[in-house]
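Novice: This structure is in structure tokens; I'll ask about it shortly.
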Amino acid sequence: MVDIGARSLHLIDKGSGLPVIFESGISATSLSWTEVRSKVEGVARACSYDRAWLGWSHPAPSPRTTANIVDDLHALLEAARIPTPVILTGHSFGGMLARAYAGRYPGDVAGLVLLDPLSPGEWLTVSPAHARMLRLGIKLSRRGAWLARLGVVRASLALLIAGGRRVPQWMAKLTGGSGESVITRLVGEVRKMPPETWPMVRAHWCLPRTFQGLAAYLESLPASSAEAAMLAATLDERLGQPGAIPVTVLSAANATPQQLQEREAWTRRSPRGRHIIARKSGHWIQLDEPELVVQAIQEMLGIAKPS
């Protein structure tokens, strides 16, 4: 644990050389990078951490907006004495944060590797359908915290992993009918992770704090997107300049044409930009094709290595 002010964030820091910082998806923890990080730490200093509220990290009193999260990471790097510049590797929501961090602290970033990154524009203007989806997500997260206190989440996850259905179906009714499908998808992704991580992932999702944290991140998503859009615009202005940050984007095979077009534009702005389609991957590329992610990071290490 590393203290940043009055609270602490959990950090895994292994290896030596140019630091590679892993930024997780909105509800994920450092455990989602276990396989990729174990391979990267042989060639670089591989660092994954848990954002406030998630995993082993402490809750945060401030809203979970992009600016606050970026400042948390900056404080973590300073407190842990991790030298900059670093390579930021971000997945989904973490990809949006990585771009924002590079916009706010450009001198701290040697390169970006973005895995199926969330675009700020997806939540910048919230449509009625998106607003309903967001309200439902917040509602289910808060209800999940209540069910976690009662031990229902623990029992449901245990039965789901063992192949049982009755309790998860009952839990779905308590969460408005969609709870089982959400948990089933999450369990499916967790099963792609190294088996030794499964008990820890399950333990985290049995904590009311995890659901409270997810609600906090979802509540701040529109504000986070607005802040991320401004910081990403600052980054984009610098990408065409000499010595600009190299950018590699890995898109899932099921990414939409609009997402592909936008990501292609991001990489074209960088003189050393690359856009790769992960043909065998869904959204969780680091779980579906970890070797592809490791290769992208290794190539970035070669491009971004300080002279």
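The values are calculated or read from the model by the stated rules, or taken from the named source; none is laboratory data. Every value quoted in this text rests on a predicted model; they were computed, and no experiment measured them. We place every Cβ from the backbone using ideal geometry, glycine too, and count neighbours over all the protein chains shown.
Novice: Spot the failing condition for Gly177; the list is (1) at pLDDT below 85; (2) in a helix (DSSP H, G or I), and only one is missed.
Specialist: (2)
Novice: Go over the candidates Tyr105, Tyr101 one by one and state the one that is buried (at least 21 other Cβ atoms within 10 Å of the Cβ) and of a type in the set (Phe, Trp, Tyr).
Specialist: Answer to the selection: Tyr101.
Novice: Quick check on this structure: which one of Gln212, Gln169 is surrounded by 16 or more Cβ atoms within 10 Å (Cβ to Cβ), part of a helix (DSSP H, G or I) and either at pLDDT 70 or above or assigned by TED's automatic domain parsing to the domain that holds Lys139 (or both)?
Specialist: Every option except Gln212 fails the conditions.
Residue-by-condition table, conditions (1) among the aromatic types (Phe, Trp, Tyr); (2) at pLDDT 95 or above; (3) in contact with a strand residue (DSSP E or B) (Cβ under 8 Å, 6 or more places away or on another chain):
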{"position": "Arg37", "(1), (2), (3)": "no, yes, yes"}
{"position": "Ala44", "(1), (2), (3)": "no, yes, yes"}
{"position": "Tyr49", "(1), (2), (3)": "yes, yes, yes"}
{"position": "Ser57", "(1), (2), (3)": "no, yes, yes"}
{"position": "Arg64", "(1), (2), (3)": "no, yes, no"}
{"position": "Phe93", "(1), (2), (3)": "yes, yes, no"}
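Novice: Every residue in region 108-119 that is surrounded by 22 or more Cβ atoms within 10 Å (Cβ to Cβ) and more than 12 Å from Met300 (Cβ to Cβ), please. Spell out the reasoning first.
Specialist: So in region 108-119, the residues surrounded by 22 or more Cβ atoms within 10 Å (Cβ to Cβ) come out as 109-118.
Within region 108-119, Leu115, Asp116, Pro117, Leu118 qualify.
Novice: Search region 209-232 for residues that are more than 14 Å from Arg104 (Cβ to Cβ) and pair each with any residue that is assigned to a helix (DSSP H, G or I) and of a type in the set (D, E, K, R) when their beta-carbon atoms are under 6 Å apart and the residues are at least 6 apart or on different chains.
Specialist: Cβ pairs passing all conditions: Ala215/Arg142.
Novice: Are any residues in region 238-268 buried (at least 19 other Cβ atoms within 10 Å of the Cβ) and of a type in the set (D, E, K, R), and if so, which ones?
Specialist: Residue satisfying the conditions is Arg263 alone.
Novice: Within region 1-23, track down each residue that is under 18 Å from Arg45 (Cβ atoms) and within 19 Å of the chain's Cα centre (by Cα).
Specialist: Result: Leu9, His10, Leu11, Ile12, Asp13, Pro19, Val20, Ile21, Phe22, Glu23.
Novice: Filter region 227-268 down to the residues that are part of a helix (DSSP H, G or I) and touching a Leu at 6+ places or on another chain (Cβ under 6 Å) and list them by number.
Specialist: Correct list: Ala229 only.
Novice: From the list Glu299, Glu291, exactly one residue is assigned to a helix (DSSP H, G or I), over 19 Å from the mean Cα position of the chain (by Cα), modelled with pLDDT of 95 or more and assigned by TED's automatic domain parsing to the domain that holds Ala28. Which is it? Let's see the steps before the verdict.
Specialist: Numbers: Glu291 fails: over 19 Å from the mean Cα position of the chain (by Cα).
So the residue among Glu299, Glu291 that is assigned to a helix (DSSP H, G or I), over 19 Å from the mean Cα position of the chain (by Cα), modelled with pLDDT of 95 or more and assigned by TED's automatic domain parsing to the domain that holds Ala28 is Glu299.
Novice: Can you find even one residue in region 233-246 that is of a type outside the set (Phe, Trp, Tyr) and under 18 Å from the mean Cα position of the chain (by Cα)?
Specialist: no
Novice: Here's a follow-up. Could you check region 70-98 and list, in sequence order, the residues that are buried (at least 22 other Cβ atoms within 10 Å of the Cβ) and hydroxyl-bearing (Ser, Thr, Tyr)?
Specialist: Thr89, Ser92
Novice: Given the condition in a helix (DSSP H, G or I), farther than 17 Å from His204 by Cβ and modelled with pLDDT under 85, answer yes or no: does some residue in region 149-163 qualify?
Specialist: Within region 149-163, one or more residues are in a helix (DSSP H, G or I), farther than 17 Å from His204 by Cβ and modelled with pLDDT under 85.
Novice: Check Leu239, Leu231, Leu250, Leu260 and return the single one that is outside the structural domain of Arg143 (by TED's automatic domain parsing), in contact with a strand residue (DSSP E or B) (Cβ under 9 Å, 6 or more places away or on another chain) and under 30 Å from Gly55 (Cα atoms). Full working, then the answer.
Specialist: Working: Leu239 fails: under 30 Å from Gly55 (Cα atoms); Leu231 fails: in contact with a strand residue (DSSP E or B) (Cβ under 9 Å, 6 or more places away or on another chain); Leu260 fails: under 30 Å from Gly55 (Cα atoms).
Of the residues listed, the single one that is outside the structural domain of Arg143 (by TED's automatic domain parsing), in contact with a strand residue (DSSP E or B) (Cβ under 9 Å, 6 or more places away or on another chain) and under 30 Å from Gly55 (Cα atoms) is Leu250.
Novice: Also, quick follow-up: Any chance region 119-127 includes a residue that's in contact (Cβ under 8 Å) with a residue 60 or more places away in the chain, within 30 Å of Pro271 (Cα to Cα), assigned by TED's automatic domain parsing to the domain that holds Ala252 and not in a helix (DSSP H, G or I)?
Specialist: yes
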